[in-house]
1. Considering every residue within the stretch 127-141, establish whether at least one is surrounded by fewer than 18 Cβ atoms within 10 Å (Cβ to Cβ) and either within 16 Å of the ligand (Cβ to nearest atom) or farther than 30 Å from E265 by Cβ (or both).
2. Among the residues of the stretch 207-214, is any away from the ligand (no atom under 16 Å from the Cβ) and more than 19 Å from G264 (Cβ to Cβ)?
3. Taking the residues in the stretch 27-49 that are over 25 Å from D61 (Cβ atoms) and without any contact (Cβ under 8 Å) to a residue 24 or more places away in the chain as candidates, determine which candidate is surrounded by the fewest Cβ atoms within 10 Å (Cβ to Cβ).
4. Could you list all residues from the stretch 104-120 that are touching a strand residue (DSSP E or B) at 6+ places or on another chain (Cβ under 8 Å) and either in a strand (DSSP E or B) or surrounded by fewer than 18 Cβ atoms within 10 Å (Cβ to Cβ) (or both)?
5. Would you say E89 is at pLDDT 95 or above, in contact with a strand residue (DSSP E or B) (Cβ under 8 Å, 6 or more places away or on another chain) and not in a helix (DSSP H, G or I)?
6. Only one of (1) among the hydrophobic types (A, V, I, L, M, F, W, C); (2) touching a strand residue (DSSP E or B) at 6+ places or on another chain (Cβ under 7 Å); (3) closer than 22 Å to S174 by Cβ; (4) in contact (Cβ under 8 Å) with a residue 60 or more places away in the chain is not met by F285, so which one is it?
7. Identify, please: which residue in the stretch 231-255 is closer than 17 Å to V214 by Cα and either β-branched (V, I, T) or more than 16 Å from the ligand (Cβ to nearest atom) (or both) and is, among those, modelled with the highest pLDDT?
Amino acid sequence: MKHRIIASIGLALLMLLGFAGGASAADKVKAVASFSILGDMVKQVGGDRVDVITLVGPNGDAHVYEPTPADAKNLAAAQILFTNGLGFEGWMDRLEKSSGFKGTVVVASTGVKPRTMVEDAKTITDPHAWQSLANGRLYVTNIRDGLIAVDPEGKSFYEANTPKYLDEIVKEESDVKAALAALPQDRRKIITSHGAFGYFGAAYGLEIIAPEGVSTESEASARDVAKIIRQIKAEHILAVFMENITDHRLLDQIASETGAKIGGELYTDALSPADGPAPSYLDMFRHNVGALTAALSS
Ligand SMILES: [Zn+2]
């Protein structure tokens, strides 16, 4: 009898340790995310069950990224790959093939209503869907479903964890709307270097003008820049915003030729490092909205 009780306690302890300690590194789901913003979302949903490697890191430009041999190795060892889609990671197909990746691919933007625009007589899809928090919620549910597919044992964990994160996103969305609703109608036009804020502008009522278009691959021509300078003067645009992933020189030039002020730096396609102002998806919104309202309300 005594032995049996001790054995039961031992078993209970083992179960408790196994449960509280989470999965060991070897048992964790091996996930790869294409860029830092998506990597953060996967970490929020996956918690301790998932080991996430991000290919394009903080302050990195995923439009023009060149994968490394280490990326191919990490991808080959992964069970699941999260991409943005909408043409954002033009280098991903080749990397997937060359790595021999055999896992599950989750396109996080699945279900998003894409924005399109005409640039140089071609219809282009705007990939920056994460800049609307309503779309961010779609990303999160796609991530949850992908993780459940490769890790069915974790289903109850992901189903319990995801609503907490979705609630935080909903709360942030109401903060963003309230902060930007306070801006007068004539103070809602801004310039950023590339067009990463189309979804943001459409969701929260700002008009965005971007000399480089929706990718950083093409540089603005002298004619584009001259046109924007005329537009800023004619429409009394107050502020131009730097981006963490692009060269600042073009906007410095535009600001100095128009008298528009530099409204600080926005985080568009990448997070900051952990000690910077935008180390997570939600921190990015807090930082960007702070910069926008500070520049546009005074
Ligand atoms: Zn971009």
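1. yes
2. Going residue by residue through the stretch 207-214, those that are away from the ligand (no atom under 16 Å from the Cβ) are 207.
From what is left, the residues that are more than 19 Å from G264 (Cβ to Cβ) are none.
Looking for residues that are away from the ligand (no atom under 16 Å from the Cβ) and more than 19 Å from G264 (Cβ to Cβ), one finds none in the stretch 207-214, hence no.
3. That would be D27.
4. Filtering the stretch 104-120 down to residues touching a strand residue (DSSP E or B) at 6+ places or on another chain (Cβ under 8 Å) leaves 104-108, 114-118.
Matches in the stretch 104-120: T104, V105, V106, V107, P114, R115, T116, M117, V118.
5. Numbers: at pLDDT 95 or above: yes; in contact with a strand residue (DSSP E or B) (Cβ under 8 Å, 6 or more places away or on another chain): yes; not in a helix (DSSP H, G or I): yes.
Judged against the criteria, E89 is a match.
6. (2)
7. So the first thing to find is which residues in the stretch 231-255 are closer than 17 Å to V214 by Cα, and the list is 240-248, 250-251.
Cutting the leftovers down to either β-branched (V, I, T) or more than 16 Å from the ligand (Cβ to nearest atom) (or both) gives us 240, 245-246.
Values: V240: 90, I245: 83, T246: 81.
Step by step, filter the stretch 231-255, then rank; the result is V240.
Each row is one residue, and each column tells you yes or no for (1) within 16 Å of the ligand (Cβ to nearest atom); (2) at pLDDT below 95; (3) buried (at least 19 other Cβ atoms within 10 Å of the Cβ).
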{"position": "E257", "(1), (2), (3)": "no, yes, no"}
{"position": "G263", "(1), (2), (3)": "no, yes, yes"}
{"position": "Y267", "(1), (2), (3)": "yes, no, yes"}
{"position": "P277", "(1), (2), (3)": "no, no, no"}
{"position": "Y281", "(1), (2), (3)": "yes, no, yes"}
{"position": "H287", "(1), (2), (3)": "no, no, yes"}
{"position": "G290", "(1), (2), (3)": "no, no, no"}
{"position": "A294", "(1), (2), (3)": "no, yes, no"}
{"position": "S297", "(1), (2), (3)": "no, yes, no"}
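The values are calculated or read from the model by the stated rules, or taken from the named source; none is laboratory data. Nothing here was measured: the structure is a model prediction, and the numbers come from that model. Virtual Cβ from ideal backbone geometry, glycine too; neighbours counted across all protein chains shown.
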